[in-house]
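S.K.: The structure is given below, and queries will be raised subsequently.
The values are calculated or read from the model by the stated rules, or taken from the named source; none is laboratory data. Please read these numbers as outputs of a predicted model, since none were measured by experiment. As a convention, Cβ positions derive from the backbone with ideal geometry for all residues, glycine included, and neighbour counts pool all protein chains shown. Ligands, DNA and RNA are stripped out before the accessible areas are found, and what is left, the full protein with its side chains, is counted by its heavy atoms. Shrake-Rupley method; radii C 1.70, N 1.55, O 1.52, S 1.80 Å.
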Amino acid sequence: MEKKRFRVGSIAVLFAVVILCVAVFAALTVVTTAQDLNISRQYAAHVQEIYDCENRGYQWVADTVAAIRQGEALPEGTWQEDDLLCTLVETDTIRLSIRLRVSDDSHSIEQWNCVTKWQPQSSWELWK
Amino acid sequence: MNETRSGAQRLGFMVPLILFVLFFIICCGVLSSVFAKSADLSVRAQQLNAAVQLCRNGAEIYTTCGSLEETAGTLGGTYFDSNGAPADRNNAQMYLTMRETPGENGLRYAVLEAFTLDGDHLYTLIAASYLGE
């Protein structure tokens with residue numbers, strides 16, 4: 001009795017290897033681009049947070065100048081160092097330090113120091 | 001008898017071959033869609049990066065000058081290519097809209113929004129400007 005056999009030719013093996021390689025490349029490509037997009041989104045969120053913090057800083061400058069001109073109380077969180085008015089605006093990851101000099105008819109920003117808080121990475125999830 | 005046997009042998013040879021070709025075509029289709037998806041993700045990441053940089057440039061200019069007209073003039077227009085460089089409308093990949101809203105005590109805000117040419121929203125940044133009352 002003749003037994004039917006399915007013969008795997010060399011071309012079939014070659015095609016299988018090619019498909020396997022291309023599949024691996026495809027997986028690597030899609031993972032890399034997905035992480036690129038993830039990093040771009042994180043950067044976009046970080047920039048928004050920087051500008052939220054800076055906008056609060058400008059709000060403090062405007063409120064402080066207006067308070068001095070109108071003889072009202074200084075905004076909350078303001079302290080004086082010599083002849084400079086100072087404040088600290090903080091978010092979860094950003095710290096903005098401002099020193100403002102206000103005279104009778106003008107104002108000048110002597111320090112505008114916006115830094116990112118140091119957050120140590122304690123895990124190995126570098127791509128998270 | 002021999003002809004029948006030869007036909008059966010040929011059929012037995014063709015069926016796995018056709019199955020193999022079908023399997024190969026399906027694999028190529030799936031892999032092509034994976035590569036297309038990855039190209040789409042890459043374009044979106046590039047557009048988002050360019051939009052963020054563009055809005056950030058506009059925000060810095062607006063913060064120092066407090067004028068939308070000057071901001072648009074310094075940026076070089078409203079339409080930009082995928083790298084965020086000014087471009088004419090035919091070669092542009094995105095456009096930027098700016099509008100101004102007043103705040104308290106002489107503070108002014110500019111809302112900068114970047115869109116693709118299809119109108120898909122890319123990024124929004126709000127920048128404040130205070131040049132005195």
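S.K.: Can you name the number of the only condition in (1) open to solvent by 30 Å² or more (accessible area, probe 1.4 Å); (2) on the phi < 0 side of the Ramachandran plot that residue A:65 fails?
M.R.: All conditions are met except number (1).
S.K.: If you don't mind, another one. Looking at region A:65-75, can you tell me whether even one residue there is closer than 24 Å to residue B:111 by Cβ and either modelled with pLDDT of 95 or more or within 9 Å of another protein chain (Cβ to nearest Cβ) (or both)?
M.R.: The answer is yes; a qualifying residue exists.
S.K.: Filter region A:100-124 for residues that are open to solvent by 100 Å² or more (accessible area, probe 1.4 Å) and over 17 Å from the mean Cα position of the chain (by Cα) and give the result. Talk me through it step by step, then tell me what you get.
M.R.: Let us first name the residues in region A:100-124 that are open to solvent by 100 Å² or more (accessible area, probe 1.4 Å), namely A:104-105, A:118-119, A:121-122, A:124.
Across region A:100-124, the qualifying residues are A:104, A:105, A:122, A:124.
S.K.: Still on this model: Going through region B:91-133 one residue at a time, which ones are part of a loop (DSSP other than H, G, I, E, B) and closer than 30 Å to residue A:64 by Cα?
M.R.: So in region B:91-133, the residues part of a loop (DSSP other than H, G, I, E, B) come out as B:91-93, B:103-107, B:117-120, B:130-133.
The answer is B:103, B:104, B:105, B:106, B:107, B:130, B:131, B:132, B:133.
S.K.: Quick check on region B:76-89. Is at least one of its residues closer than 18 Å to residue B:131 by Cα, open to solvent by 30 Å² or more (accessible area, probe 1.4 Å), touching a Lys or Arg at 6+ places or on another chain (Cβ under 9 Å) and touching a residue at least 12 places away in the same chain (Cβ under 8 Å)? Full working, then the answer.
M.R.: Looking only at region B:76-89, we keep the residues that are closer than 18 Å to residue B:131 by Cα, and these are none.
The answer is no; no qualifying residue exists.
S.K.: From the set of residues in region B:107-130 that are at the interface with another protein chain (Cβ under 10 Å from one of its Cβ atoms) and open to solvent by 30 Å² or more (accessible area, probe 1.4 Å), which is nearest to residue B:87 (Cα to Cα)?
M.R.: B:122
S.K.: Same structure again: Kindly check whether there is at least one residue in region A:11-27 that is more than 10 Å from every other protein chain (Cβ to nearest Cβ), more than 30 Å from residue B:30 (Cα to Cα), assigned to a helix (DSSP H, G or I) and open to solvent by 60 Å² or more (accessible area, probe 1.4 Å).
M.R.: no
S.K.: Restricting attention to region A:98-128, report how many residues are more than 14 Å from chain B (Cβ to nearest Cβ) and within 25 Å of residue A:77 (Cα to Cα).
M.R.: Qualifying residue count, region A:98-128: 9.
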